[in-house]
Amino acid sequence: MPTSHMGEHDRESDQRNTATVTAENPLTEDAAAAGVPAQTVNRPLGPDDSGIHPSDVQTVSVGYARVEIYQGTLAEQTAWLHLHNRQGTFRLVYWDPPFFSGKQKAADRGSFSDRWPDLETYLVEMDEDFARLKTLVHPEGFLVLHCDWHASHYLKVIGDRHFGYQNFRNEIVWHYKGRRQPARLVINSKHDNLLVWAASSRAVMQPVYDPWDREQYVSMKRQQVHSDEDGREWIWGHNGRGRARSYRIYLDEVVARGRAIDSVWDMPIVNTTAKERTGYPTQKPVALLKRIVALLTLEGDSVADLMAGSGTTGEAAALSGRDVWLGDRNPEATALIQERMARIAQQAPTHRGRIR
Ligand SMILES: C[S@@+](CC[C@H](N)C(=O)[O-])C[C@H]1O[C@@H](n2cnc3c(N)ncnc32)[C@H](O)[C@@H]1O
């Protein structure tokens, strides 16, 4: 296990002011600014972190959202963003890395390898990428790490070292349906884990609600329903009839607002016949990303995904009026992202409103 760093700290503004990267030695400066441990800074540069990538950013408009697309590794993207003074500017960094599944996946529009020599090698790389991503998160922003049982428990510990245990906000369980087989060794695992850290205690989420109806609400409350003189239905609030601070809860208001979400999200995967399917392996559903964007950002905020794959985060963010950075080291992914952004541009809002 990597033993690097670093308790809680409010270093963000420091980082934004001091992390200027020189073209001569971009990675070293980047890594130092990112808090990467000394042995990482000093080791020889590998193909994955050779500094600024020659390809530059492509900027496209999707409605009024600005979408930036970059082909390169996460290390290269971070170095580029530091060079352009973008540290600490993203309210949401969504991170959907390889899960340590040991799988090699190929689909119509891309291939994806999740094979590693061992767990230690995987965790060292994840640790380094945590440090890089932390530098990009706004002081009142969030990092969401999408992972599953293969490594989630190790990643929680590493993430806590970077963001501080007290800044861990939620483990969201994304539960999906799928084929189930009887087994004697393990039961079917049908969920992913989304680990959410805030950059500081000042980061706030936005309320998100699920729709529900009168019957669901009444059966949850198990209380007598009353009607007022206008025929509006209501029940007593918390303290019960006759006690101090009792109040009426009107059913039509509760149903109109919806039910505040909890930490288990039931949403379908992108199946083989789904309209949104791009043909890229490991594609996540737009509905999932839209919910994350709505929960953790406001219209006009910036979102980043440095392992963007087919660009699901881009679709969710741009259609919700957020600017978005999308990078991936796989050229098949960035080509697909460009096509996808062009396709969704028709549906995108063209003026600011109250989009959630
Ligand atoms: C799980 S997929 C992301 C899928 C994406 N969320 C979607 O909905 O399509 C992970 C992506 O990370 C990319 N990747 C893996 N290691 C990377 C690295 N070091 N730098 C940049 N991209 C990387 C892979 O090419 C792959 O596209």
Can you sort Ile292, Ile235, Ile69 by how many other beta carbons sit within 10 Å, fewest first? Ile235, Ile69, Ile292
If R₀ is 22 angstrom, what is the calculated FRET efficiency for the pair Ile249 and Met205, using the beta carbon separation as r and rounding to 0.05? 0.40
Got the relative contact order for region 214-256 handy, in percent, Cα pairs under 8 Å and 6 or more residues apart? 33 percent
Selection from Val324, Pro349, Ser302 lying farthest towards where the dipole of region 281-356 points positive, charges on Cβ: Pro349
Tell me, what is the FRET efficiency for Gln181 and Ile261 to the nearest 0.05, using R0 = 30 angstrom and their Cβ-Cβ distance as r? 0.50
If you filter region 208-237 for GluC sites (Glu not before Pro), then keep DSSP loop positions with at most 11 other Cβ within 10 Å, what is left? Glu229
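At a 10 Å Cβ-Cβ cut-off, how would you order Phe99, Phe163, fewest neighbours first?
Ascending number of Cβ neighbours within 10 Å: Phe99, Phe163.
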Based on Cβ point charges of +1 for Lys and Arg and -1 for Asp and Glu, what charge dipole magnitude is obtained for region 258-343 about its Cα centre, in debye rounded to the nearest 20? 220 debye
In what sequence do Tyr122, Tyr165 fall when counting other Cβ within 10 Å, fewest first? Tyr165, Tyr122
For Lys134, give me every one of the lysines with a C-alpha distance below 26 angstrom, ignoring sequence neighbours fewer than eight places off in its own chain. Lys156, Lys284, Lys290
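All of the numbers you see were taken from the coordinates with simple rules; none came from a lab. Since the model is a prediction, treat every value here as computed from it, not as a measurement. Note that each Cβ is placed from the backbone with ideal geometry, even for glycine, and that neighbours are counted across all protein chains shown.
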